[in-house]
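To keep things clear, I will list the structure first and then write my remarks on it.
Every read-out reported here was derived from the displayed coordinates using simple, explicitly stated rules and does not represent laboratory data. Computed from a predicted model, the values in this text were never measured in an experiment. Cβ placement follows ideal geometry from the backbone for every residue including glycine, while neighbour counts extend to all protein chains displayed.
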Amino acid sequence: MESLKVGIIGFGTVGTGVFKLLQSFNNIEVVKIAVKNINKKRETENLNKEILTDNPYEIVNNPDINVIIEVAGGVNPIFDILKKAIENKKHIVTANKELLAKRGSELFNIARENNVIILYEAAVAGGIPIIMPIKTILCANKINKIAAILNGTTNYILTKMTEKGLSYETALKQAQELGYAETDPTGDVEGYDTAYKLSILSTISFNKKVDINKIYTEGITKLNTRDLKSAKELGYRIKLIALGQVLPDGKIDVRVHPMLVSKKHLLAKVDNATNSIMLSGYPVGDLIFTGAGAGAEPTSSSVVGDLLVLASELETGNSPLPQAVCKHNEAAEQINIADTYNEYYISITASNNPGAIGYIGTICGKNNINISTIMQNGINEDNTAEIVVITEKSKESDIQNALKELSASESVKNINNLLRVMN
Ligand SMILES: NC(=O)c1ccc[n+]([C@@H]2O[C@H](COP(=O)([O-])OP(=O)(O)OC[C@H]3O[C@@H](n4cnc5c(N)ncnc54)[C@H](OP(=O)(O)O)[C@@H]3O)[C@@H](O)[C@H]2O)c1
């Protein structure tokens, strides 16, 4: 096999992991590596510092390089850099979910016009093979549901809040100390990272372009130890879930939010930084993929896997990987969260008077909501009580109307939280 000449843009966690793994493949030559700060101290073994540059266009315009590995992240300036690379007929392997979620369809169209391939196994769930299986061996299926845990940071935080009763703030601090969370954790804890991954996953699963801006996204910052404790007592675990489903009328329901997941459900057992993706399709049935969703080594497995697939396809001289070409230009019809149907967990602080529970029941009934469980957690010093309600399947807009009515009542002191439930 002729040696494949590669340029790497980005030499941080993933870039160094990829570089290390590539040392075992003597048919791949890393010609150049672009970084942001050329003066940063780098101790990577076997790194010839001469190949470092702070100008990614030295890679993009280098006629010797045929594949670019982009592991820098972000949309700007990376979109323009990769666009130029594609116009220069370079194939791309990327781990950049934000770029693909926000501007992927533009890049894929430019790639198709230039007859080059973009592979991105590492962009969703790090080391777990999920993109290639969906696009190749599962392509005979009609996939109609995705339920997944796609962010290790939030799963770690929720696991510690459940197991050790830690507050959100303490669990986040621990995750930061252990390197599971970044100094600015916003992208993870507000659910954006999960939404980027879900937009990619649902687009390739449902064969329609899912718009990231229409994915309802709610993170884990409003959860407190009381919610995790009540969920546990009721037989659930709270997880940040990426949910995507094709409805009977062909519309698509895609969203990211915390959910109470029945402890019997396989996703409830996925703890710490592990990721897991459940797919339901016809005719294959239910599948589950579980493993490390981040980290230098697992992510390098996906990046280098893509690179080797590309290398072997390029060697045959055929139009590479016909199944891997992305051509989802038809927009999915995504429904609004208000039109979704769910079971709900509602935590309410109410006055401890005899009519409180009856009143909650009456308002729910008036709004077409059936209650399946109602639980009171003791009495507080100020003569209020926390009441937890689990509903049967109800429409989100009905729930929101009921909450408005409940909030206006004198006996309801606070609506503490509203969460959706998965059995
Ligand atoms: N970390 C993971 O486990 C993981 C898993 C899956 C996917 N990803 C994705 O992989 C990508 C990289 O993540 P990471 O964790 O490796 O990030 P990181 O540790 O912050 O590294 C980013 C690297 O890119 C370089 N860089 C940034 N902007 C650049 C630019 N304009 N031109 C050239 N180089 C530039 C930085 O240079 P300096 O070294 O000079 O700062 C650094 O080497 C992101 O898209 C991320 O979402 C990460």
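Annotation: peptides 299-307, 332-340, ranked by per-residue average of other Cβ atoms within 10 Å with the highest first, follow the order 299-307, 332-340. Evaluating 6.51 cos²θ - 1.76 cosθ + 1.60 at θ = phi - 60° for every residue in the range 404-414, the Karplus couplings come out as 4, 5, 5, 4, 6, 7, 5, 7, 9, 7, 7 Hz, glycine and proline recorded as x.
Across the chain, Cα pairs under 8 Å and at least six residues apart give a relative contact order of 16 percent.
Centre-to-centre, using Cα atoms only, the range 102-151 and the range 1-67 are separated by 24 Å.
For the range 340-422, how many pairs of lysine residues have a Cα-Cα distance under 18 Å, where the two are 8 or more positions apart or belong to different chains?
5
Axis angle, to the nearest 10 degrees, between helix 356-366 and the longest C-alpha principal axis of the chain: 60 degrees. Over the range 20-165, the reciprocal of the mean inverse Cα-Cα separation, the Kirkwood hydrodynamic radius, stands at 17.7 Å.
Ratio of Rg to Rh for the range 131-292: 0.98 [Cα atoms; Kirkwood radius as inverse mean 1/r over pairs]. Can you tell me the 0 to 90 degree angle between the C-alpha axis of helix 78-87 and the longest principal axis of the chain, rounded to 10? Tilt of helix 78-87: around 40 degrees.
Based on DSSP H segments of at least four residues, each scored -39500 (n - 2.57), the chain has a per-residue ellipticity at 222 nm of -10000 deg cm²/dmol.
Report the relative contact order of the range 124-200, percent, no decimals, based on alpha-carbon pairs under 8 angstrom and at least 6 residues apart.
30
The charge dipole of the range 219-305, taken about its Cα centre with unit charges on the Cβ atoms of Lys, Arg (+1), Asp and Glu (-1) only, comes to about 420 debye. Summary of packing: across the peptides 280-287, 38-45, the per-residue average of other C-beta atoms within 10 Å ranks them, highest first, as 280-287, 38-45.
Working ranking of peptides 27-37, 209-219, 191-201, 98-108 by packing, defined as the average number of other Cβ atoms within 10 Å per residue, highest first, is 191-201, 98-108, 209-219, 27-37.
Assigning unit charges at the beta carbon (Lys, Arg +1; Asp, Glu -1) and nothing else, what dipole magnitude in debye, to the nearest 20, does the range 56-211 show about its Cα centre? Can you show the working numbers first?
Numbers: 17 positive and 18 negative charges, 150 e Å.
It works out to roughly 720 debye.
Charged side chains reduced to their Cβ positions (Lys and Arg at +1, Asp and Glu at -1) give the chain a dipole of some 380 debye around its Cα centre. Projecting the Cα positions of ILE110, ALA402, ASN383 onto the charge dipole of the chain (unit charges on Cβ atoms of Lys, Arg, Asp and Glu, taken about the Cα centre) puts ALA402 furthest along the positive direction. Among MET422, MET161, the order by Cβ neighbours within 10 angstrom, fewest to most, reads MET422, MET161. Within the same chain, aspartates and glutamates fewer than 8 places from LYS142 are excluded, and of the rest, those with a Cα less than 13 Å from its Cα are ASP286.
Think of the chain as having a plus end and a minus end, set by charges on the Cβ of Lys, Arg, Asp and Glu; of SER372, THR13, THR203, SER372 sits farthest toward the positive end of this dipole. For the range 340-422, the residue among MET422, VAL412, GLY355 whose Cα projects farthest onto the positive side of the dipole built from Cβ charges is MET422. Multiplying each eigenvalue of the alpha-carbon gyration tensor of the range 340-422 by 5 and taking the square root yields semi-axes of 21, 13, 11 Å, largest first, rounded to whole angstroms. For all pairs of alpha-carbon atoms in the chain, what percent lies in each bin of width 20 Å, listed from the first bin to the last filled one? Reading the bins upward from 0: 25, 50, 21, 4, 0.
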